[in-house]
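The values are calculated or read from the model by the stated rules, or taken from the named source; none is laboratory data. Everything numeric here is computed off the predicted structure, so don't read it as measured data. Heads up, the Cβs are rebuilt from the backbone with ideal geometry, glycines too, and the neighbour counts pull from every protein chain shown. Heads up: the accessible areas ignore ligands, DNA and RNA and are worked out on the full protein's heavy atoms, side chains in. Shrake-Rupley method; radii C 1.70, N 1.55, O 1.52, S 1.80 Å.
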Amino acid sequence: MGRVSGKTALVTGGASGIGLSAATLLAKEGAKVVIGDFNVEGAKEAASQLKKQGFEAEGIFLDASKEESIKEAVDFTVDHFGTINVLYNNVGLTNLKKDLDVVNMDLDEWDRLMNVNLKSVLLGSRFAIPHMIKAGGGSIINTASMAAFAGDAMRSAYGASKAAVVNLTRYIAAQYGKHNIRCNGVAPGLILTPAAKNNMPPAVLDIFAKYNALPYHGEADDIGNTVLFLASDESKFITGQTIQVEGGHYMANPSIADFQNFLASVQK
Ligand SMILES: NC(=O)c1ccc[n+]([C@@H]2O[C@H](COP(=O)([O-])OP(=O)(O)OC[C@H]3O[C@@H](n4cnc5c(N)ncnc54)[C@H](O)[C@@H]3O)[C@@H](O)[C@H]2O)c1
């Protein structure tokens, strides 16, 4: 028996990075998995790799910026596998060229990121919840970000949209808990996915590494394993929470690395 045997899961943005890790781990632990992604070839390829290994998975087109497409993905999951027990709302975007500080940011980009990062969570949940109620319960998991918990020099829309995801997570948990539906978030710090590597120059990755409490960067499976736990019944008394998976980057005084260097220099 796998940790999520008997469950059916829809993973949005599952063709790459964090979503791909979660979809893979869920399938390997016994779930039937639908991978929905804008990159439909990537979604189908991921599903085909899983099927070759004897797991149950399907890859479909999903545009998380479109209500109808999100509904179709939920409907496909229910039609194909009979129900939906786990919904992982993972799609999220950032744009380092247009999502800037408050004075200079592009307002169309604000609207686009709110739609893709936040409204897609609302819509996926809205379409899945009636099926989960019918099935006797379910687990909704949302990808937030540590950008939800701290200010930054730029990415104002990204941070605001992810902070809203953290609170929408609590609202869903509060509203549907009595139907045995749990809703939790996972807030990654920097995770070395293709998106992060493409967006961040090595000098920026070094800054992140310097301020991590741990001596390494996060990887997609660090988030995928958290999602697996939240999807499974092992987390059955956890709801409304957003788990921070961030290598201790944000938990201490941000100047600690400089203090450590100072102490080392005076203790010589
Ligand atoms: N990587 C990090 O450091 C990090 C940190 C904090 C939060 N996150 C969040 O994790 C989530 C996944 O990020 P990732 O780093 O794995 O990214 P990624 O680019 O590796 O994967 C994202 C996937 O989503 C798909 N996608 C993008 N827009 C879509 C849309 N409109 N409809 C359907 N699919 C779409 C892409 O095709 C891709 O397969 C995002 O919500 C992101 O904000 C990532």
Query raised in the report: Just a yes or no: is a residue in region 158-167 among the basic types (Lys, Arg) and within 11 Å of the ligand (Cβ to nearest atom)?
Result: yes
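What helices (runs of 4 or more DSSP H), lying completely within region 12-129, carry at least 2 residues that are open to solvent by 60 Å² or more (accessible area, probe 1.4 Å), polar (S, T, N, Q) and within 16 Å of the ligand (Cβ to nearest atom)?
Hits in region 12-129: none.
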Query - Residues of region 136-148 satisfying the condition of being over 18 Å from MET114 (Cβ atoms) and either part of a loop (DSSP other than H, G, I, E, B) or small (Gly, Ala, Ser) (or both) - result: GLY136, GLY137, GLY138, SER139
Requested in this report: Please verify whether region 208-221 includes one or more residues that are open to solvent by 30 Å² or more (accessible area, probe 1.4 Å), within 14 Å of the chain's Cα centre (by Cα) and not hydrophobic (A, V, I, L, M, F, W, C).
Outcome: yes
Report summary line: Those residues of region 171-196 that are near the ligand (Cβ under 9 Å from one of its atoms), open to solvent by 50 Å² or more (accessible area, probe 1.4 Å) and in a helix (DSSP H, G or I) come to a total of 2
Query raised in the report: When you go through GLY248, GLY224 one by one, which is the residue that is surrounded by fewer than 16 Cβ atoms within 10 Å (Cβ to Cβ) and either touching a Leu at 6+ places or on another chain (Cβ under 6 Å) or outside any helix (DSSP H, G or I) (or both)?
Result: GLY248
Query raised in the report: For the subset of region 251-266 comprising residues that are hydrophobic (A, V, I, L, M, F, W, C) and in a loop (DSSP other than H, G, I, E, B), which member is farthest from the chain's Cα centre (by Cα)?
Result: ALA252
Query raised in the report: Here are ILE191, ILE129: which of them is more than 17 Å from the chain's Cα centre (by Cα) and modelled with pLDDT of 95 or more?
Result: ILE129
Report task. Scan region 232-256 and report the pairs whose first residue is among the aromatic types (Phe, Trp, Tyr) and whose second residue is crowded, with 16+ Cβ neighbours inside 10 Å and part of a loop (DSSP other than H, G, I, E, B), with Cβ atoms within less than 9 Å and a gap of 6+ or a chain change. Result -> TYR250/PHE149; TYR250/GLY189
**Report entry** Conditions (1) without any contact (Cβ under 8 Å) to a residue 12 or more places away in the chain; (2) within 19 Å of GLY59 (Cβ to Cβ); (3) touching a helix residue (DSSP H, G or I) at 6+ places or on another chain (Cβ under 9 Å); number of the one not met by LYS98
**Finding:** (2)
**Report entry** Number of the exception - GLY240 against (1) near the ligand (Cβ under 9 Å from one of its atoms); (2) in contact with a Cys (Cβ under 9 Å, 6 or more places away or on another chain)
**Finding:** (1)
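For (1) in contact with a helix residue (DSSP H, G or I) (Cβ under 8 Å, 6 or more places away or on another chain); (2) of a type in the set (Gly, Ala, Ser); (3) closer than 22 Å to ASN184 by Cα; (4) in contact (Cβ under 8 Å) with a residue 24 or more places away in the chain, each residue gets a yes or a no:
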position: VAL4; (1), (2), (3), (4): yes, no, yes, yes
position: LEU10; (1), (2), (3), (4): yes, no, yes, yes
position: GLY30; (1), (2), (3), (4): no, yes, yes, yes
position: GLY36; (1), (2), (3), (4): yes, yes, yes, yes
position: LYS71; (1), (2), (3), (4): yes, no, yes, yes
**Report entry** Residue, farthest from the chain's Cα centre (by Cα), within region 1-11, restricted to residues that are of a type in the set (A, V, I, L, M) and surrounded by 24 or more Cβ atoms within 10 Å (Cβ to Cβ)
**Finding:** VAL4
